[in-house]
Amino acid sequence: MAFESGSEPTLEEIQMLEAAVSQQDSEYILSQIGELHPADITGLLYNFDSPACKYIISLLPYEAGAGIITNLDSDTRKKFLKVYDSAEFVEFIPWMDSDDAVDILTELPVRFREEVIARMTDREMANHIVELLRYDDDCAGGLMAKELMKANVNWTITRTIEEIRRQAENVEKIYSVYVVDDEDILLGRVSLKKIILARGNNLIRDIYEEEIVFIESYRNQYEVAEIMQRYDLESVPVVNFQGKLLGRITIDDVVDVITEQKEEEINLMSGISETVEPDESIWLSAKSRLPWLLIGMAGGLIGAKFAGLFEWQIRLVPAMAFFIPLITATGGNVGIQSSTVMVQSLGNKPVNGFIFLQKLGKTLLVALVNASVICIAVLGFSFLLGDPLRLAATVSVAIFSVVILASVSGTVTPFVLSRFGINPALASGPFITTANDLLGLAVYFGIAWWML
């Protein structure tokens, strides 16, 4: 029985496939995986070493092999491709989109990369790859593919259809036909539906739409993702300073960027300064966590010294010390909640001053409700547990104030950071927790001084 697409293979199935690979039983291997999607085969290959993977891929068409190599994660792919020489690997390149080919080639040694490009028989694609290698990975130029559909504004419909048939050989997914002038300057786009319905002697200039969303090649990858999300685009054309059409970015590339961005923000909010893979070295894992742990430790030491300034109050009312963890924990939790909501809002769409004031107003109303409930709960529990009424009231008022202030700081801080071009995710995690600890202690001892 063959492997099924989308389902997790059993240990027995993996062992049988391993035995077939060791015996080079190509008939059995093809019967098991020959009909699978390349992404599913990629998942299976993580169970094998590089030579075994190479043998399995050699049994498949080059198109499937190219899909498998593209789907491998970067670290695994770098190890895997060491068993290929440039003459073997170059056979997969024609079956890849130019942006995927460039991503893979940039992971490989320069000599290997140059040999692959020199061996390519499709010189047009080779030139595309050389051009794309000039761009950084994290900009629009580094994300774009050169394969696209375009038509000259002066072409007739008949000629356009002929050109589309020719260009379609290199374009896997057709979203739009871009319209350019004689200098390749982007003018607009035209849908396939309009082309099909138009008469053969009509010109493209008579049916194309001038309104089109485009992005410059130097733009940051996160700007690309934000624009495509905002306008709900499946693809976006890329132009240079002069407006010349260079390529296009498709939604599958942007999904990778969005995923990477979310992972980065989660790491920052958790106090991890850089992306670390599970199999990274102990040193790299420690280095990514240590900076924010040190900041948290420094904040804790400052908080301890700060609390020491009110030692005389604690001596007068020793029971005050029992509530310090309650104050700091509540302030930290409220701040984290507020900052997380604000970071998500900033990531989904631009937040101007008016929208920010709306969100701040809503945050205050929510904080008032939460603070009131928590205040009453603390007052009731403290009284039931036998604490003096004045102390219970002091703690209740303090925690009410801390919830309000922590909510405001958790909302304001990410907005301010984003205005200064700093990733607002930095506002969460250890940063906001430490800040609210100090704020909570100041409020607590200030109210205690006033009430007690």
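Within the range 180-187, is there a residue that is farther than 17 Å from PRO237 by Cβ and over 32 Å from the mean Cα position of the chain (by Cα)? Yes, the range 180-187 contains at least one residue that is farther than 17 Å from PRO237 by Cβ and over 32 Å from the mean Cα position of the chain (by Cα).
Take the range 203-228 and flag every residue that is closer than 26 Å to ASP99 by Cα, aliphatic (A, V, I, L, M) and either touching a strand residue (DSSP E or B) at 6+ places or on another chain (Cβ under 9 Å) or surrounded by fewer than 17 Cβ atoms within 10 Å (Cβ to Cβ) (or both). Across the range 203-228, the qualifying residues are ILE212, VAL213, ILE215, VAL224, ILE227, MET228.
Checked against (1) surrounded by 20 or more Cβ atoms within 10 Å (Cβ to Cβ); (2) in contact with a Ser or Thr (Cβ under 6 Å, 6 or more places away or on another chain), MET144 passes all but a single condition, namely (2). Among the residues making up the range 351-399, those that are surrounded by 15 or more Cβ atoms within 10 Å (Cβ to Cβ) and outside any helix (DSSP H, G or I) are VAL351, ASP387.
Among the residues making up the range 224-238, those that are in contact with a Gly (Cβ under 9 Å, 6 or more places away or on another chain) and modelled with pLDDT of 90 or more are PRO237, VAL238. Note on the range 51-70: residues that are among the small types (Gly, Ala, Ser) and closer than 15 Å to VAL83 by Cα amount to 3. Comparison of VAL177, VAL254, VAL171, VAL239 shows that the only residue that is within 30 Å of ASP103 (Cβ to Cβ) and surrounded by fewer than 18 Cβ atoms within 10 Å (Cβ to Cβ) is VAL171.
Residue under question is ARG199, and the condition is that it be among the charged types (D, E, K, R), in contact (Cβ under 8 Å) with a residue 12 or more places away in the chain and exposed (fewer than 15 other Cβ atoms within 10 Å of the Cβ); does it hold? Spell out how you get there, then give the answer.
Working: among the charged types (D, E, K, R): yes; in contact (Cβ under 8 Å) with a residue 12 or more places away in the chain: yes; exposed (fewer than 15 other Cβ atoms within 10 Å of the Cβ): yes.
Yes: the conditions hold for ARG199.
Considering each residue of the range 53-61 in turn, at least one proves to be under 33 Å from the mean Cα position of the chain (by Cα), charged (D, E, K, R) and either part of a helix (DSSP H, G or I) or at pLDDT 90 or above (or both). Restricting SER50, SER86, SER98 to residues that are in contact with a strand residue (DSSP E or B) (Cβ under 7 Å, 6 or more places away or on another chain) and either surrounded by fewer than 14 Cβ atoms within 10 Å (Cβ to Cβ) or of a type outside the set (D, E, K, R) (or both) narrows the list to SER98.
Is one or more of the residues making up the range 321-337 at positive phi, outside the structural domain of TYR222 (by TED's automatic domain parsing) and free of Cβ contacts under 8 Å to residues at least 60 places away in the same chain? Outline the logic, then answer.
Step one: list which residues in the range 321-337 are at positive phi, which gives none.
Within the range 321-337, none of the residues are at positive phi, outside the structural domain of TYR222 (by TED's automatic domain parsing) and free of Cβ contacts under 8 Å to residues at least 60 places away in the same chain.
Reported count of residues in the range 225-250, each being under 15 Å from TYR135 (Cα atoms) and of a type in the set (A, V, I, L, M), is 4.
The values are calculated or read from the model by the stated rules, or taken from the named source; none is laboratory data. In this text the structure is predicted, and so the values were computed from the model without any measurement. FYI the Cβ positions are ideal-geometry reconstructions off the backbone, even for glycines, and counts take in every protein chain you see.
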